[in-house]
Amino acid sequence: MVPVNTPLLNGNEKKYLNECIDTGWISSEGPFIKRFEKEMADYVGRKYATTCTSGTAALDIAVSSLDLQKGDEVIMPSFTIISCAQALIKQGIKPVLVDSNLDTFNMIVEDIEAKITAKTKAIMIVHIFGLTVDIDPILNLAKKYNLKVIEDAAQMQGQEYKGRKCGSFGDVSIFSFYPNKQITTGEGGMVLCDDEELDKRAKSFRNLCFGEDRFIHEELGYNYRMTNMQAALGVAQLEQIDKIVEKKRYTGNMYNKLLKNIKVINLPVAKTDYCENIYWVYAITLKNECKKTAKEVMKELSNYKIGTRPFFYPMHKQPVFNKMGLFLNDYLPNSEKLYEKGFYIPSGLALTKEQIEEVSEILHKVLIWDSLEIYIHNIMIYFIVIKIIVVKWNM
Ligand SMILES: *Cc1c(COP(=O)(O)O)cnc(C)c1O
C-alpha cells in the first residue's frame with residue numbers, strides 16, 4: 001500500500017518531546033509554545049504568532065479577532081475546505097463565493113471586484129494545493145475598498161509569493177500543522193499578524209477570553225490552546241523547513257517527468273509569474289476527452305493499493321449550507337468541474353523514489369486505454385484528412 005500521506009519525523013522531534021516529559025511541561029504553559037511562535041513569526045516575517053489546536057481553530061480565532069459584525073460579507077473561494085466558510089457562518093457572517101481557475105485551482109482574482117458591496121468587510125484568500133493566489137491585486141482591492149484580508153496559508157509553509165513568505169500577507173494569516181502539511185505538530189494551527197491589538201485579541205480568544213480579573217469575561221472565546229508537546233514537534237520540524245520544501249519539489253518534479261506522456265490528464269502547473277509550485281499535494285485533473293470520472297480512477301488506483309484523495313467539494317453545493325438557505329443561486333462551474341475531474345496522488349514527505357515510480361507506473365496502467373483511444377481517434381482523423389486530399393488530387 002502506498003498511502004496518500006506519510007509524515008517524516010527524523011529530526012529533533014523525539015529529543016524535544018523527551019524534554020517535555022522529563023521536565024513535566026506538557027500543557028500549553030511550557031517553553032516550546034513561545035519558542036515555536038517566535039521562530040515561526042521570524043521565519044515568515046510577521047511580528048506576532050499565536051499557536052492553537054488546528055487550522056480550523058486558527059480560522060475561528062482569526063475571524064473573531066477581526067471584530068466583524070453579524071451580516072457583514074466576506075469574499076472567499078468556493079473551492080476550499082469547509083473550515084474557511086464555517087468560521088464565518090458560525091459567527092453570523094456571510095461568505096460571498098467566487099469561482100476558481102481550472103489550472104491553478106486558486107480563486108479567480110478578476111471576479112472579486114464585482115462581488116464587493118457596501119456590506120463587504122474582508123477578503124479571505126486561500127492558497128490551494130501548491131500555487132499561491134495572485135495576492136498583489138487583492139491587496140490593491142483591499143486598499144481601494146478599505147477591506148481586511150485574511151490569508152489561509154494552511155498548505156503553504158515554506159512557499160513564497162514574489163519572494164515573500166506565505167503567512168505574511170494581509171491583516172491576519174493562518175497555518176495548519178496537520179500531518180499532511182509541510183510542517184506538522186500532529187494536530188495544530190497558528191494565527192499570525194503584525195498588529196499588537198489583533199495579536200492580543202487572538203491570544204484572548206484562544207484562551208476563553210479570561211479577563212484581567214481571571215473569571216470575569218467581556219467576550220466569548222474558545223479553549224484552543226496547543227500543548228507544549230505539539231509545539232516541541234513544531235520547533236523540530238521548523239528546523240528542517242528548507243529540506244522539507246526541497247523534498248516536496250523533488251517529488252513534484254519527479255512526477256512531472258514520469259507522468260508527462262499520459263495524454264488524458266493535466267499535470268499541475270509548475271510555475272506562474274509569481275510563484276513556483278511547492279506541490280503540497282500532487283493534484284491531477286482528467287481532461288474532457290477522458291471517459292472516466294475522478295471517482296472511477298481513484299477506485300481503480302485503490303485496487304492497486306495506491307492511496308488518493310478527491311478534490312474539495314465546492315462550498316456552494318454543500319448540503320449543510322444549502323439546507324440553511326445559503327448559496328442556492330450560486331453558479332460556479334469551475335469549482336464543480338474540479339471536484340468531478342480532480343484527485344491527488346501520494347506526495348507525503350516520507351514517500352520514496354521507488355514509491356513515486358510505482359505510483360506513476362500504475363497510473364499509466366490505469367489510464368492506458370483512455371490514452372490509446374485518443375491516439376486512435378487522432379490517427380483516424382489523420383487518415384480521413386489524407387484520404388480527402390488524395391480524393392481531391394485525383395479529381
Ligand atoms: C488543512 C487546511 C485547513 C484546516 O486545518 P486543520 O488543522 O485540519 O483544521 C484549513 N484550510 C486549508 C486550506 C487547509 O488545507
- Query: Somewhere in segment 171-180, is a residue surrounded by fewer than 24 Cβ atoms within 10 Å (Cβ to Cβ), more than 12 Å from the chain's Cα centre (by Cα) and within 15 Å of the ligand (Cβ to nearest atom)?
  - Reply: yes
- Item | Considering residues of segment 181-200 that are assigned to a loop (DSSP other than H, G, I, E, B) and more than 16 Å from the ligand (Cβ to nearest atom) only, the residue farthest from the chain's Cα centre (by Cα) | Asp195
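Residue-wise test of (1) in the same structural domain as Phe36 (by TED's automatic domain parsing); (2) farther than 18 Å from Phe129 by Cα.
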site: Phe177; (1), (2): yes, no
site: Lys181; (1), (2): yes, no
site: Thr184; (1), (2): yes, no
site: Glu212; (1), (2): yes, yes
site: Thr227; (1), (2): yes, yes
site: Lys260; (1), (2): no, yes
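Scanning for something in a strand (DSSP E or B) and under 25 Å from the mean Cα position of the chain (by Cα), does segment 201-220 turn up at least one residue? Show your work before the answer.
Of segment 201-220, the ones in a strand (DSSP E or B) are 207.
Among the residues that remain, those that are also under 25 Å from the mean Cα position of the chain (by Cα) are: none.
Scanning segment 201-220 turns up no residue that is in a strand (DSSP E or B) and under 25 Å from the mean Cα position of the chain (by Cα).
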- Message: Just the residues that are more than 14 Å from the ligand (Cβ to nearest atom), crowded, with 22+ Cβ neighbours inside 10 Å and in a strand (DSSP E or B), please, taken from segment 149-170.
- Response: Tyr161
- Go through segment 313-355 residue by residue and tally those that are in contact with a Ser or Thr (Cβ under 6 Å, 6 or more places away or on another chain) and closer than 15 Å to Thr80 by Cβ. 7
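Return the residues of segment 304-337 that are assigned to a helix (DSSP H, G or I) and within 30 Å of Ser360 (Cα to Cα); say none if nothing qualifies.
Of everything in segment 304-337, those that are assigned to a helix (DSSP H, G or I) and within 30 Å of Ser360 (Cα to Cα) turn out to be Pro333, Asn334, Ser335, Glu336, Lys337.
So if I check each of Gly170, Gly211, which one is modelled with pLDDT under 95 and in contact with a His (Cβ under 9 Å, 6 or more places away or on another chain)? Give the derivation first.
On the way: Gly170 fails: in contact with a His (Cβ under 9 Å, 6 or more places away or on another chain).
Among Gly170, Gly211, only Gly211 is modelled with pLDDT under 95 and in contact with a His (Cβ under 9 Å, 6 or more places away or on another chain).
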- Query: Residues in segment 20-41: is at least one touching a Phe, Trp or Tyr at 6+ places or on another chain (Cβ under 8 Å), within 16 Å of the ligand (Cβ to nearest atom) and not assigned by TED's automatic domain parsing to the domain that holds Asp195?
  - Reply: no
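Residue-by-condition table, conditions (1) within 18 Å of Leu198 (Cα to Cα); (2) within 22 Å of the chain's Cα centre (by Cα); (3) touching a residue at least 24 places away in the same chain (Cβ under 8 Å):
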site: Ser28; (1), (2), (3): no, no, yes
site: Glu37; (1), (2), (3): yes, yes, yes
site: Leu59; (1), (2), (3): yes, yes, yes
site: Asp67; (1), (2), (3): yes, no, yes
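The values are calculated or read from the model by the stated rules, or taken from the named source; none is laboratory data. It should be emphasised that the depicted structure is a prediction, and the values quoted were computed from it without experimental measurement. Because the Cβ atoms are built from the backbone with ideal geometry, glycine has one as well, and the counts that use them run over all protein chains shown.
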